[in-house]
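Visitor: Sharing a structure here in structure tokens format.
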Amino acid sequence: MSRAGEYIDDLPEPRGVLHMAIYRSPYPHARIKKVDVSDVWKRGGAAYAPEDLLRIIKNPIPNALGLPIKYYPIAVDKTRYYGEPVAVVLARDKYKAVDLLDYVNVDFEPLEPVASIEDALRGRALVHEELGTNVATVRHMSFGDVDKAFKIADVVEKFQFKFPRHTAMPLEPYGVIADYRGDELEIWANIQGPALYMYFISRALDLPTSKIRLQTPRDIGGSFGIKYSLYPYIILAATASRLANAPVKWIETRIESLVASSSNGERAGTVEIAASKEGRILAVKYDFVEDVGAYLRPPEPGALYRVHGNLNGAYDIRAIEVRHTVVFTNRMPTGLNRGYGGPQFYFALERAVDELARRLGIDPFEIRLRNLISQFPLEKYGWRFYETVTGGLYPMQDYARVLKGLEPEYRKWRDLQRRGMRVGVGIAVVIEPSGTNLGYVDVALQAERRKYPHSGSGEYVTISVDPHGAVNVFVNATNEGLGHETALAEVVARELEIDPSNVKVIYRVDTSLTWSLSSGSYSSRFAPVVASAAILAARIIKEKIIALGSALLGAGRVVYQKGVVYDEANPNRKLDLRQLASAVHWDPGGLPEGVDANLSATVFFHPPTVKAPVGDRVNSSAAYAIQAHLAVVEETKGELRLLKYVVSHDAGRILKKELLEGQLLGGIHHGVCMALYEELKYDENASPKSLLLETYGTPDLSQFVGVDVELIHFETPVGYLPSGALGSGEGPVMGAPAAIANAVADLYKKTISSLPL
């Protein structure tokens, strides 16, 4: 049965709701001398200046580095990026609220902006004067004998790069309905998952979490990570609601989304590879500088550390040095974006590997094959792993088999090149981390500065059987349009040997029900974490069904098969799931003493591989999967065009092929757009230039018509996860920018060091 979607703007509006519009700074950097909202009140609206809002907002949003800077949802004393909220306006009609923004009067004193990474490092102007610098942190770490490797290397290849800002383009922008009256706050929002939201909201408003209920509609309209950064606006709407003593609703516009929601950070830096003349990589040095914008918005600087456990990529590299520098600029604050940190990292590494291959005169395919991990010597948790020098635990897979899956197509295009066809051929190999370990952000701090250990990666799933034998599954996460409900129904149905139509899945956030700090839909965690929890819960339900069936049948030994429990000695004596559930629900007192009548189970599954960091080492994700990418490009009438794209991969067990392929195809398109077209541009004064989709660089369908895409699947179900499945939703966006750039470099025989192309 299909039904219409339910998005935030579809929800019934509470009685007396007021619509919120936000007055945003027209300057990237300016002192606020005065905010006057009296004219709004005179014209029938309500409006609140920073001093009004700060009567309710008691504390700033914390940052992961413990820096003495104050990040509020509203600008205080000065604005630090174009579009930063300065005041809010409320009205009965959303259009009137927007019109009344014209009557907010603000006296600004423009300040010199910090418009780029270079400006930030120069330090002539400061985003946060209290810091005395624009550098938030410098973290330098070394693993293995890097100095020795560089000393004995036959060649050292140094690659300098810059990766631009991108935003995400979910179907629906941000939306909030907040009702904060008395000492209770009820929130509806299209967030990506509760995770740390409750802590941020509770801390900012000085309100116990027991007084806060956060919910989502059935559908959140997509995210790609961007909706993790919704929490400042939840706090802002809640504060306006408290001041107005009425429910408040706010729906973001697309322009607001482009200039003031969230994006990945611009990253610049170098990769140095020490290698033998045969192309064996001995060591790598990374020097990355990340622009996080005006504030260090949680979970930043996570983009630099999410890939910490896989800094060697797919290669057997036992010596790694990394230097991370984080800077503030007068640009929009950064946050999660699909692949979070992965596209930037693999663009740098895989471009550097190609440059090394070119310098040594070795085929790019061959140099990768020579360096791939082939041995998984660590035995743990009933499986075999490769332990990276930075602490990652890669489950055993055949990396060479996956790369060789590309070989026929790769050789075909190389042969066509030799025959005179002017095309560029590029490859990239990536390890996709999935099921993020929330403790990875702790590595941004030196071990002695960490107050508490963190290792969140688990998820709760609740399964129950109703009196009619229908199976209900609840997950406290969000439906982003990824097909999780369909996949979970099939996963649970397989375990219980019933038809998926008898399984109802509810996938939405409701913090009044069981959830954990790590709950949510992000970092490709559905397959390894959520599905594993569901499988374990289904197995408990199955055990309960068997025990109840045995009691009701009065049989010593029973068999469960296809939703039916029958007496092993007399198979004609049987109860199906509906009969059994009905009997238990209607007459639990009729069960023999000691038999549990509870046909529900809540399971919290936390991957055994996920632990808190030890020193500078951390297994930053629960799982890792191998992907190899091939891109073929040509130039037609002065325009670059993609001809062929192939992904060969192993994501463990494939839970549902159609949904997996949808994720791969979407990720490829997302990554290709990153490589060729899209960028959040800023001028020399730090003002955004990408105010419309046209200026952002969003391609239309014509750029993809005729592109031949091929997906090659391998399966290695991993034994340490009940689902046996690894993540696959973010790998393509990690690999495509590098593969496309390598193809373009091959086409023009020149170094490609920045995007878009």
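The values are calculated or read from the model by the stated rules, or taken from the named source; none is laboratory data. Everything numeric in this text was worked out from a predicted model, so none of it was measured. Note that each Cβ is placed from the backbone with ideal geometry, even for glycine, and that neighbours are counted across all protein chains shown. Heavy atoms of the whole protein, side chains included, go into the accessibility calculation; ligands, DNA and RNA do not. Shrake-Rupley method; radii C 1.70, N 1.55, O 1.52, S 1.80 Å.
Visitor: So who's got an amide H within less than 5 Å of the one on Y23, skipping anything under 5 residues away but keeping other chains? H placed 1.01 Å off N, in plane.
Guide: Long-range HN contacts for Y23: V86, A87, V88, V89.
Visitor: Hey, what does the equivalent ellipsoid look like for the stretch 1-152, semi-axes from the Cα gyration tensor as sqrt of 5 times each eigenvalue, largest first, whole Å?
Guide: Values: eigenvalues 322, 124, 38 Å².
Over the Cα atoms of the stretch 1-152, the semi-axes work out to 40, 25, 14 Å.
Visitor: My understanding is that a pair violates if its Cα-Cα distance is over 23 Å; which of K158/K750; K227/K657; K412/K644; K34/K58; K637/K749 do that in this structure?
Guide: Values: K158/K750 15 Å; K227/K657 27 Å; K412/K644 12 Å; K34/K58 21 Å; K637/K749 19 Å.
Result: K227/K657 exceed 23 Å.
Visitor: Let a ≥ b ≥ c be the square roots of the eigenvalues of the Cα gyration tensor of the stretch 188-308; is it rounded (a/c under 1.5), or, if not, prolate (a/b larger than b/c) or oblate?
Guide: It comes out prolate by the Cα gyration axes.
Visitor: Where the centroid of each part is defined by its Cα atoms, how far is the stretch 583-625 from the stretch 520-575 in Å?
Guide: Here the answer is 15 Å between Cα centres.
Visitor: In the chain, with Lys and Arg counted as +1 and Asp and Glu as -1 at Cβ, which of these residues, Q561, G469, I32, has the Cα nearest the positive end of the dipole, that is, farthest along it?
Guide: Farthest along the dipole direction, towards plus: I32.
Visitor: Please report the spacing between the Cα centers of the stretch 25-50 and the stretch 671-715 in Å, no decimals.
Guide: Each part's Cα centre sits 36 Å from the other's.
Visitor: Same structure again: Considering only protein heavy atoms, what per residue accessible area in square angstrom results for the chain with a 1.4 angstrom probe? Don't skip to the end; give the middle numbers.
Guide: Numbers: 28080 Å² over 757 residues.
It amounts to 37 Å² per residue over the chain.
Visitor: Among 370-378, 612-620, 13-21, what's the highest-first ranking by average C-beta atoms within 10 angstrom per residue? Write out the running numbers ahead of the final one.
Guide: Numbers: 370-378: 15.4, 612-620: 20.8, 13-21: 17.9.
Taking the mean over residues of other Cβ atoms within 10 Å, the ranking is 612-620, 13-21, 370-378.
Visitor: Okay, moving on. What relative contact order, as a whole-number percentage, does the chain give when Cα pairs under 8 Å and 6 or more residues apart are counted? Write down the numbers at each step before the final one.
Guide: Details: 1902 pairs, mean separation 119.8, N = 757.
With pairs under 8 Å counted, the relative contact order is 16 percent.
Visitor: How much of the accessible area of the chain, probe 1.4 Å, is carbon plus sulfur, in whole percent? Please report the intermediate quantities before stating the final value.
Guide: Values: 13920 of 28080 Å².
C and S fraction of accessible area: 50 percent.
Visitor: Can you work out the FRET efficiency for the pair V138 and Q579, with r the C-beta to C-beta distance and R0 = 51 Å, to the nearest 0.05?
Guide: Working: r = 67 Å, r/R0 = 1.31.
So, using R0 = 51 Å, E works out to roughly 0.15.
Visitor: I need the GluC sites (Glu not before Pro) found in the stretch 258-333, filtered to DSSP loop residues with at most 15 other beta carbons within 10 Å of theirs. Could you put the intermediate results ahead of the total?
Guide: Values: sites: E266, E272, E278, E290, E321; in loops: E278.
Counting only loop positions with at most 15 other Cβ atoms within 10 Å, the GluC sites (Glu not before Pro) in the stretch 258-333 are E278.
Visitor: Rounded to the nearest 0.05, what FRET efficiency do V98 and D39 have when you use their Cβ-Cβ distance and R0 = 25 Å?
Guide: Details: r = 15 Å, r/R0 = 0.61.
Taking R0 as 25 Å, the efficiency between V98 and D39 is 0.95.
Visitor: Are there trypsin sites (Lys or Arg not before Pro) in the stretch 624-663 that DSSP puts in a loop and that have at most 14 other Cβ atoms within 10 Å, and which ones? List each step's numbers first, then the result.
Guide: Details: sites: K637, R641, K644, R653, K656, K657; in loops: K637, R653, K656.
Here the sparse-neighbourhood loop sites are K637.
Visitor: Going by a ≥ b ≥ c, the root eigenvalues of the Cα gyration tensor, does the stretch 288-442 fall in the rounded group (a/c under 1.5), the prolate group (a/b larger than b/c) or the oblate group? Before the final figure, lay out the partial values.
Guide: Working: a/c = 2.35, a/b = 1.34, b/c = 1.75.
Oblate is the answer for the stretch 288-442, as a/c is 1.5 or above yet b/c matches or exceeds a/b.
Visitor: How much solvent-accessible surface does F224 expose, in Å² to the nearest 10, with a 1.4 Å probe and all protein chains in place?
Guide: We get 80 Å² for F224.
Visitor: I've got another one for you. Using a basic spin-label model with each label point 7 Å from the Cα along Cα→Cβ, how many nm lie between A470 and E379?
Guide: 4.9
Visitor: How many nm is it between the label spots at K277 and D77, if each spot is 7 Å from the Cα in line with the beta carbon?
Guide: The two pseudo-label positions are separated by 6.1 nm.
Visitor: May I ask which residue of Q663, G426, A487 lies farthest towards the positive end of the charge dipole of the chain, with charges of +1 (Lys, Arg) and -1 (Asp, Glu) on Cβ and the Cα centre as origin?
Guide: Highest projection toward the positive end goes to G426.
Visitor: In percent, what relative contact order does the stretch 667-730 have, based on Cα pairs under 8 Å that are 6 or more apart in sequence?
Guide: Values: 33 pairs, mean separation 15.3, N = 64.
RCO, the stretch 667-730: 24 percent.
Visitor: Using just the helices of the chain, give the 222 nm mean residue ellipticity in deg cm²/dmol: DSSP H runs with n ≥ 4 each add -39,500 (n - 2.57), and the total is spread over all residues, rounded to 500.
Guide: Numbers: 19 runs with 196 residues, N = 757.
Calculated mean residue ellipticity at 222 nm is -7500 deg cm²/dmol.
Visitor: I want to make sure I understand the PRE zone here: with the label point 7 angstrom from the Cα of T270 toward its beta carbon, which residues in the stretch 352-386 have backbone N atoms less than 20 Å away?
Guide: Flagged as within label range: 352-360.
Visitor: For the stretch 599-716, what's the relative contact order in percent, using C-alpha pairs closer than 8 Å and at least 6 residues apart?
Guide: On the way: 122 pairs, mean separation 31.0, N = 118.
Averaging sequence separation for qualifying contacts and normalising by length gives 26 percent for the stretch 599-716.
Visitor: By how many nm would the segment from D587 to F714 grow when fully extended, if each residue of separation counts as 0.36 nm and the alpha-carbon distance is taken off?
Guide: Roughly 40.8 nm would be gained on extension.
Visitor: Tell me which trypsin sites (Lys or Arg not before Pro) from the stretch 426-524 have a DSSP coil assignment and no more than 12 other beta carbons within 10 Å of their own.
Guide: Details: sites: R449, R450, K451, R494, K504, R508; in loops: R450, K451, R508.
Sites meeting the loop and neighbour criteria: K451.
Visitor: How much of V76 can a 1.4 Å solvent probe reach, expressed as accessible area in Å² and rounded to 10?
Guide: 40
Visitor: Is the chain rounded, prolate or oblate when judged by the Cα gyration tensor, a ≥ b ≥ c being the square roots of its eigenvalues, rounded requiring a/c under 1.5 and prolate requiring a/b larger than b/c?
Guide: oblate
Visitor: I've got another one for you. Could you sort W413, W250, W586, W515 by accessible area so the largest value comes first, with the probe set to 1.4 Å?
Guide: If we order W413, W250, W586, W515 from most to least accessible, we get W586, W515, W413, W250.
Visitor: Out of G549, L90, P194, whose Cα points farthest toward the positive end of the dipole of the chain (charges: +1 Lys, Arg; -1 Asp, Glu; placed on Cβ)?
Guide: Projecting each Cα onto the dipole axis, the largest value belongs to P194.
Visitor: Taking the Cβ-Cβ separation of S702 and A569 as r and a Förster radius of 56 Å, what is the calculated FRET efficiency to the nearest 0.05? Mind showing how you got there, number by number?
Guide: Details: r = 69 Å, r/R0 = 1.23.
Between S702 and A569 the formula returns 0.20.
Visitor: Can you give the extra length, in nm with one decimal, that the chain gains between E13 and L665 once fully stretched, where that is 0.36 nm per residue apart less the Cα-Cα distance? Numbers along the way, then the final one.
Guide: On the way: separation 652, 0.36 × 652 = 234.72 nm, distance 3.67 nm.
Residue separation times 0.36 nm, minus the Cα-Cα distance, leaves 231.1 nm.
Visitor: Taking 0.36 nm per residue of sequence separation and subtracting the Cα-Cα distance, how much length would be gained by fully extending the chain between L121 and K504, in nm to one decimal? List each step's numbers first, then the result.
Guide: Numbers: separation 383, 0.36 × 383 = 137.88 nm, distance 5.43 nm.
Going from the current span to full extension adds 132.5 nm.
Visitor: Each residue of the stretch 725-737 in order: what ³J(HN,Hα) in whole Hz does its phi give by Karplus 6.51 cos²θ - 1.76 cosθ + 1.60, θ = phi - 60°, with x for Gly and Pro?
Guide: Going residue by residue, I get 10, 10, x, 8, x, 10, x, x, 6, 6, x, 5, x Hz, with x marking Gly and Pro.
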